[in-house]
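One structure below.
The values are calculated or read from the model by the stated rules, or taken from the named source; none is laboratory data. Note that the coordinates shown come from a computational prediction; the quantities given were computed from them, not determined experimentally. No Cβ is skipped: glycine too gets one built from the backbone with ideal geometry, and neighbour counts run over all protein chains shown. What goes into the accessible areas is simple: the full protein's heavy atoms, side chains included, and nothing from ligands, DNA or RNA. Shrake-Rupley method; radii C 1.70, N 1.55, O 1.52, S 1.80 Å.
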Amino acid sequence: MNVQGSPYASGSPSPRGEHLPPRANPLRRPSDRFEWWFRRLLTILLVAGLPVAAYGAGMTAYQASMRTVRAQTAERHEVTARLTGDVRREKNSVAKQPAQVRWTEAGGVVRTGAALVKPGTSKGTAVRVWVDRNGTVTSPPTNTLNAKTTGWLLGGAVAFGMAYSSYALWLGTRLLLDRGRYAQWEAEWERAEPLWSARFRR
């Protein structure tokens, strides 16, 4: 028999289990296989589902905000009003204060209301205020930037929530699996320990 055909031929030995199919490790327990598949499933769902969920939530919030923007823009308009009195300047105060203003609608109707103005503004000063269809002073309508910000914030919140929920689910599942493994190890050790102890008592 030549050297190449000898069972004692030199060279590095073949690694154990090189002909075994993937994930066919005999030391792997059912819980290990379940953990591997569960982690793979969570990863696939997270990679495939997170962008879709975040985009869908963000677009839904953006479109709802844009409907509000269009509705408020259609219902509100800006007018020039005049202060009906002086606004006193409070000591060490720079915040705007409510003051009475008067303006005339397109149809000649004179209206009054309260608007926030800077301290120290004198009577008769022109200020721009937003009013609704009923002639009531209101806040400015929301704009497109607000709608975009709302969409981005909600989309980001959904993405973070999905990532955190997936991690929490994975962590909880692993803790349950580890608890079962420790219980199994303890039971097996209770059966094996007397046999080991008997060897040293001989």
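Things to note:
- Considering the range 82-202, its Cα convex hull presents a mean projected area of 17.5 nm².
- Partners for K123 among aspartates and glutamates (Cα-Cα distance below 16 Å; same-chain residues under 8 apart left out): D86
- Of the listed residues W103, W130, W170, the order by accessible area with a 1.4 Å probe, largest first, is W130, W170, W103.
- Taken along the Cα-to-beta-carbon direction at a fixed 7 Å, the label points for A48 and H77 span 5.4 nm.
- With a cut-off of 13 Å between beta carbons, the residues surrounding G85 carry a summed charge of +3, where Lys and Arg count +1 and Asp and Glu -1.
- Of the peptides 182-189, 40-47, 76-83, the order by per-residue mean of other Cβ atoms within 10 Å, starting with the highest, comes out as 76-83, 40-47, 182-189.
- A probe of 1.4 angstrom, applied to the heavy atoms of all protein chains, finds E190 with accessible area near 120 square angstrom.
- Probe 1.4 Å - accessible area at F160, Å² to nearest ten: 140 Å²
- Reference-scaled alpha-carbon Rg (2.2 N^0.38 Å with N residues) for the range 73-151: 1.26
- Equivalent ellipsoid, the range 144-197 (semi-axes from 5 times Cα gyration tensor eigenvalues, Å): 51, 5, 4
- Note on L176: accessible area approximately 120 square angstrom, rounded to 10, probe 1.4 Å, nucleic acids and ligands left out.
- Residues A157 and A106, FRET efficiency given R0 of 41 Å [Cβ-Cβ distance, rounded to 0.05]: 0.40
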